[in-house]
């Protein structure tokens with residue numbers, strides 16, 4: 001198919017791709033993911049969300065501007081459940097829990113987590129270790145959609161993602177962050193997709209060992225509810 005992506009699903013309204021790590025979403029030095037997908041699949045596609053260049057995994061592209069608007073609205077209103085896998089070479093300060101806080105630009109294109117929560121990045125994660133492998137795996141559900149949100153969240157709990165030099169992650173052959181699963185309802189129909197990671201030595205080893213079995217349907221796990229704080233405006 002393509003070294004940039006694998007086709008996971010194709011419907012009349014959208015396609016779901018498994019993007020390779022290192023592939024830019026937007027066209028930079030060469031053709032970006034959307035352009036490459038159009039060239040391979042032979043029809044026009046419309047972006048509705050994006051993944052960082054270093055992140056592999058599931059991404060949806062609409063087949064019409066009308067469907068793109070519907071899907072974009074779902075993402076904007078946080079009605080698409082997203083789940084990510086990440087690996088770290090260090091043990092986190094806690095094995096599971098919330099990471100909440102506003103985000104601000106830092107140096108060299110990085111972001112940092114603040115203690116304030118006026119418009120916070122919100123994520124919940126669970127994690128597990130493996131006998132004989134110096135790796136901890138994380139399943140993360142973001143409740144918001146901020147730039148570098150998951151990378152910053154894991155850095156903040158002392159477990160920067162393996163290979164993520166921007167956030168001082170341990171040395172590895174890739175940035176170990178993968179968009180693992182999506183669940184959403186469009187036009188009254190439920191769609192659920194899951195794609196295990198295959199790129200990178202650690203991901204290959206764990207995927208082939210069946211490491212994701214207990215997380216195979218992440219939407220079936222018990223996740224806490226989160227209500228965005230209501231902003232208040234002073235009057236008088």
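Computed values, structure above
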quantity: Gain upon complete extension [residue 6, residue 53; 0.36 nm per residue less C-alpha separation]; calculated: 15.3 nm
quantity: R0 of 22 Å, Cβ-Cβ distance residue 191-residue 102: FRET efficiency to nearest 0.05; calculated: 0.10
quantity: Linear extension gain, residue 227 paired with residue 165, 0.36 nm per residue minus alpha-carbon span; calculated: 19.0 nm
quantity: Dimensions (Å) - the chain, Cα atoms, principal axes, largest first; calculated: 62, 47, 38
quantity: Two-site FRET efficiency, residue 39 against residue 64, from Cβ-Cβ distance with R₀ of 22 Å, rounded to 0.05; calculated: 0.75
quantity: R0 of 22 Å, Cβ-Cβ distance residue 131-residue 201: FRET efficiency to nearest 0.05; calculated: 0.80
quantity: Residues of the range 163-189 with amide N under 18 Å of a point placed 7 Å along Cα→Cβ from residue 208; calculated: 173-174
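Laboratory data are not the source of any read-out in this text; all were calculated from the coordinates shown. A quick note: this is a predicted structure, and the numbers were derived from the prediction, not measured. As a convention, Cβ positions derive from the backbone with ideal geometry for all residues, glycine included, and neighbour counts pool all protein chains shown.
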